[in-house]
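The values are calculated or read from the model by the stated rules, or taken from the named source; none is laboratory data. The model shown is predicted, which means the values in this text are computed figures rather than measured ones. So basically every Cβ, Gly included, is an ideal-geometry build from the backbone, and we count neighbours across all protein chains shown. Please note that ligands, DNA and RNA were not included when accessible areas were found on the heavy atoms of the full protein model with its side chains. Shrake-Rupley method; radii C 1.70, N 1.55, O 1.52, S 1.80 Å.
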Amino acid sequence: MDWTKVLARRAGRMKASEIRELLKLLDQPDIISFAGGIPDPTLFPSTAYSDAFAATMADNNGHAALQYSVSEGYRPLREWLVGEMEKIGVPCAVDNIMITSGSQQALDYLGKLMLTENDTAAVMRPTYLGALGAFNAYEPRYIPLDPMSNIDPETLKAEAKAAGGEVKFAYLSADFANPTGETIPREGRERVLDQTEALDCAIIEDGAYQNLRFDGEAIPPILALDIERKGGIENTRTIYCGSFSKTLAPGLRVGWVVAAKPVIDRLVLMKQAADLHSPTLNQIVTNHVARAIFHEHVAKIKAVYASRRDRMIAALEREMPASVSFTRPEGGMFIWLTFDPKLNGAELLAKAVRDEKVAFVPGGAFHADGSGQNTLRLSYSCASDEQIDEGIARIGRILR
């Protein structure tokens with residue numbers, strides 16, 4: 001059968017993730033990989049999870065954990081999240097939170113909820129590849145989002161209408177963004193609120209790395225600033241997506257969305273139609289672990305990642321040609337390199353794997369418009385000091 005005859009047109013916009021493909025390199029022992037932006041598995045709190053699974057299954061033989069549950073998510077976990085959001089300036093109620101199967105599911109749901117064919121989404125250049133993958137299926141057009149720019153909202157709205165849709169949302173990660181590692185200052189966050197107010201569109205704030213600040217002063221999330229302006233979460237336009245994947249363990253796929261109740265109500269309907277609810281067992285276990293060790297564990301992994309970041313920056317300063325610039329993140333897992341425009345990151349990767357046995361992610365994949373070919377992303381989260389020193393030296397040789 002020719003399956004292309006029965007596929008929806010949007011299927012043509014679904015592409016393989018370059019990062020998912022590059023993760024296969026992690027299975028090759030002779031490759032030094034800075035490609036996978038994943039947590040170090042040796043830092044997972046395995047004992048805490050083992051204890052939590054045992055306690056969960058011992059509780060009435062695990063009947064509740066193995067049963068269907070409500071689409072909104074396990075209430076005790078949502079209650080814990082209410083307290084955590086309060087700590088970062090986001091007062092909300094349990095009904096403002098829905099549990100998702102990782103924040104990636106939240107991005108897919110939000111794309112489905114808001115995007116009609118030819119609608120416009122504003123995204124950073126570069127931006128998170130997984131967000132583009134989630135949104136692409138709903139056939140939007142993209143415009144660049146620059147928090148520090150001056151926009152002409154009427155022109156942007158007219159262009160969106162001429163393209164056959166409306167400006168629906170701005171998507172960004174304000175803290176230690178994937179892929180650049182950069183943080184948007186408070187002024188930039190305020191200006192994003194001004195821009196979206198003028199455009200009358202939503203904001204999707206990806207907080208996946210919110211808890212991984214190593215140094216510098218914490219800046220309130222955009223949702224917190226939105227609440228300050230509007231007097232309460234029910235009057236805001238910002239939708240916050242959080243995740244336990246970077247702090248506790250990604251394999252259980254537990255994330256959450258915080259937003260005004262009308263948005264949560266719509267997302268709950270979507271979840272009922274998609275997967276009914278995120279796995280009950282995973283949510284109960286995550287609640288156990290989060291309440292027992294979350295802040296202690298996050299402090300532990302931050303110390304390790306901060307040390308690796310410092311090691312990689314020192315290696316870059318030592319090994320990179322003068323023509324190469326790179327970011328200096330205050331947290332997260334990534335450093336972003338920009339080099340001679342005549343060079344191509346994808347071609348460099350092929351040469352690096354073949355000749356130097358080192359891997360990274362070419363930067364073009366993170367640009368909705370296909371630009372950024374002279375950039376690349378490095379992740380230090382899973383690399384040893386020795387791998388960082390040797391791998392960066394190899395990349396330096398390639399670039400020279």
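In the calculated pair-distance distribution of region 161-260, the portion above 16 angstrom amounts to 59 percent of the Cα-Cα pairs. Between Thr375, Thr280, Thr42, the residue with the greatest mean-square fluctuation in the GNM of the chain (Cα pairs under 10 Å linked by springs) is Thr42. The largest accessible area among Thr155, Thr4 belongs to the first residue in Thr4, Thr155, and the rest follow in falling order (1.4 Å probe, all chains).
Relative to the Cα centre, the charge distribution of region 262-345, modelled as +1 at Lys and Arg Cβ and -1 at Asp and Glu Cβ, gives a dipole magnitude of about 120 debye.
Kirkwood radius and radius of gyration were both taken over the C-alpha atoms of region 1-152, and their ratio Rg/Rh is 1.03.
Taking Ala314, Ala365, Ala121 in turn, the Gaussian network model of the chain (Cα-Cα springs below 10 Å) assigns the largest fluctuation to Ala314. Among Asn344, Leu376, Met320, pick out the residue whose Cα is farthest towards the positive end of the charge dipole of region 254-400, where Lys and Arg carry +1 and Asp and Glu carry -1 on C-beta, about the Cα centre. The listed residue farthest towards the positive side: Leu376. Its Cα centre serving as origin, the chain has a Cβ charge dipole (Lys and Arg +1, Asp and Glu -1) of approximately 640 debye.
Report summary: the helix-based calculation at 222 nm, which adds -39500 (n - 2.57) for every DSSP H run with n ≥ 4 and divides by the residues of the chain, gives -13000 deg cm²/dmol. Rg/Rh, computed from the Cα trace of region 251-400 with Rh as the Kirkwood radius, has the value 1.10. Comparing Arg13, Arg78, Arg377 in a Gaussian network model of the chain (Cα springs below 10 Å), the most mobile by mean-square fluctuation is Arg13.
The value for the chain of Rg(Cα) / (2.2 N^0.38 Å) is 0.99. For the pair Asn235 and Ala54 in one chain, pulling the backbone fully straight at 0.36 nm per residue adds 61.0 nm over the alpha carbon distance. Region 202-270 and region 308-387 have Cα centres separated by 28 Å.
Charging the Cβ of each Asp and Glu at -1 and of each Lys and Arg at +1, and nothing else, the dipole of region 326-400 about its Cα centre rounds to 240 debye. If you sort His297, His288 by accessible surface, 1.4 Å probe, largest first, the order is His288, His297. Sum up the charges of everything whose Cβ sits under 12 Å from the Cβ of Ala131, counting Lys and Arg as +1 and Asp and Glu as -1, but leave Ala131 out. Charge balance near Ala131 sits at -3. Taking max minus min of the alpha-carbon positions on each principal axis, region 339-378 gives extents of 29, 18, 13 Å, largest first. Return the tail of the calculated pair distribution for region 259-313, meaning the percent of Cα-Cα pairs more than 12 Å apart. For region 259-313, the share of Cα pairs beyond 12 Å comes to 76 percent.
For the chain, the residue among Pro262, Met14, Val70 whose Cα projects farthest onto the positive side of the dipole built from Cβ charges is Met14.
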